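Comments concern the structure below.
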């Protein structure tokens, strides 16, 4: 992806939409919350049309009379605006005279309002699927409707035109660096060789970030990795190697794992696990690198942590090169950027009799008996089954697991869910 490619793509969409109808109404929010919104640079390219009198709005004169500030019917100033308002409204009385007028576009509105399906049709069902990624099931559990938009309708937000790397790109680079580190490094990290290990990480970071544009944010992202993430990682690894474990699998793909469903059929689960640490007896810990926040453990069996328990069950099916895996005894996140707490290697759930006391942000919730830990893994697979069956039944309710995510969701306008407001002091 290049900046020029992103600009060309955005320009194509802008001008294609402008030419899609005889009359086009452009609207934009002036503010989101208390923050002003910068107008699209393409609006400046319409200046010749404004000077020629082909646009009905001139903000340079301070005239806002033609601006639609809401989607209420009484605020509409054009037929396209009325169509949008009626589409969002319920049954409205008293519009017969307006709808009966022979105005351009009104016949289409009458036909649309006159259509009433015999029964609720619900959301379209997804294509018949037999293969699911664990990450997509996690997305479904976070918000079924968000999953529906992204994975069934395949609607994605427009790509931001910027030379700065995105948080997703940064996370991918960090994962690649840490994978390549252990592909080159095959011994414990100690105080004596720490500087050598740090040098290798700096070398890998220079290669990973070196192809990006020389912007302030990109330089900051590289510095963040070298000065914060790499140091936290090395601190954690020095302690980790003393526990008798070693990284055995890096970005391990697992495909074709059979997940039985309630109707007796089965689907395939696919996964890619960041890292699996193994001791001499085959006991293993599943590791997930994080550059942002992650779910926290809770007391008892029911957990919001979903991917790691499923990964642990799937990992037991690994066969071929590499050490043989026995029992899963722990699940760990690496808090590389320090978003959660002071610990880097946060063993969020583990079997205390097998591993002993582990470093955990919430030690009272993380330590489990052998029976409790086994139940956590079983509960994770049960959630995976229910998620698959919900997708296959086209169940996509607008019910996010965490309503705070609605504040930043690009699908807010489509689902109509109101994000939570801050409580009054």
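The values are calculated or read from the model by the stated rules, or taken from the named source; none is laboratory data. Every value quoted in this text rests on a predicted model; they were computed, and no experiment measured them. Virtual Cβ from ideal backbone geometry, glycine too; neighbours counted across all protein chains shown.
When you scan region 349-360, do you find a residue that is closer than 29 Å to residue 267 by Cα, touching a helix residue (DSSP H, G or I) at 6+ places or on another chain (Cβ under 7 Å), part of a loop (DSSP other than H, G, I, E, B) and at pLDDT 90 or above, even just one?
No, region 349-360 has no match at all.
What number of residues within region 160-181 are buried (at least 16 other Cβ atoms within 10 Å of the Cβ) and not in a loop (DSSP other than H, G, I, E, B)?
Adding up the residues that qualify gives 10.
Kindly indicate which of 238, 245 is touching a helix residue (DSSP H, G or I) at 6+ places or on another chain (Cβ under 8 Å), over 17 Å from residue 163 (Cβ atoms) and touching a residue at least 40 places away in the same chain (Cβ under 8 Å).
The match here is 238.
If the requirement is being under 17 Å from residue 376 (Cα atoms) and touching a strand residue (DSSP E or B) at 6+ places or on another chain (Cβ under 9 Å), which of these qualifies: 254, 305?
Exactly one residue qualifies, and that residue is 305.
Which condition does residue 157 not pass, out of (1) at pLDDT below 90; (2) closer than 27 Å to residue 391 by Cβ; (3) surrounded by 12 or more Cβ atoms within 10 Å (Cβ to Cβ), if it passes all the others?
Just one mismatch for residue 157, condition (3).
Here's the yes/no breakdown for (1) modelled with pLDDT of 95 or more; (2) more than 25 Å from residue 405 (Cα to Cα); (3) in contact with a helix residue (DSSP H, G or I) (Cβ under 6 Å, 6 or more places away or on another chain):
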| residue | (1), (2), (3) |
| --- | --- |
| 311 | yes, no, no |
| 317 | no, yes, no |
| 330 | yes, yes, yes |
| 334 | yes, no, no |
| 342 | no, no, no |
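Could you list, in sequence order, all residues of region 259-291 that are assigned to a loop (DSSP other than H, G, I, E, B) and farther than 24 Å from residue 382 by Cβ? Give the derivation first.
Taking region 259-291 first, the residues assigned to a loop (DSSP other than H, G, I, E, B) are 261-265, 279-283, 291.
Passing the criteria: 279, 280, 281, 282, 291.
Would you confirm whether or not region 364-382 contains a residue that is assigned to a loop (DSSP other than H, G, I, E, B) and more than 24 Å from the chain's Cα centre (by Cα)?
yes
Among (1) more than 15 Å from the chain's Cα centre (by Cα); (2) under 23 Å from residue 306 (Cα atoms), which single condition is residue 202 missing?
Unmet condition: (2).
Which of the residues that make up region 318-328 are closer than 16 Å to residue 374 by Cα and either under 28 Å from the mean Cα position of the chain (by Cα) or surrounded by 24 or more Cβ atoms within 10 Å (Cβ to Cβ) (or both)?
328, the sole residue that qualifies.
Pick from region 329-363 the residues that are surrounded by fewer than 17 Cβ atoms within 10 Å (Cβ to Cβ) and under 26 Å from the mean Cα position of the chain (by Cα): which of them is nearest to residue 308 (Cα to Cα)?
362
Given the criterion modelled with pLDDT of 95 or more, within 22 Å of residue 168 (Cα to Cα) and exposed (fewer than 14 other Cβ atoms within 10 Å of the Cβ), identify the matching residue among 253, 290.
Among 253, 290, only 253 is modelled with pLDDT of 95 or more, within 22 Å of residue 168 (Cα to Cα) and exposed (fewer than 14 other Cβ atoms within 10 Å of the Cβ).
I need the full set of residues from region 190-219 which are free of Cβ contacts under 8 Å to residues at least 24 places away in the same chain and outside any loop (DSSP other than H, G, I, E, B), in order please. Can you show your working first?
First, pick out the residues of region 190-219 that are free of Cβ contacts under 8 Å to residues at least 24 places away in the same chain: 192-193, 195-196, 199-200, 203, 206-207, 210-211, 214, 216, 219.
195, 196, 199, 200, 203, 206, 207, 216, 219 - these are the residues of region 190-219 that are free of Cβ contacts under 8 Å to residues at least 24 places away in the same chain and outside any loop (DSSP other than H, G, I, E, B).
Which number in (1) within 23 Å of the chain's Cα centre (by Cα); (2) over 15 Å from residue 332 (Cα atoms); (3) at pLDDT below 95 marks the one condition that residue 300 misses?
(1)
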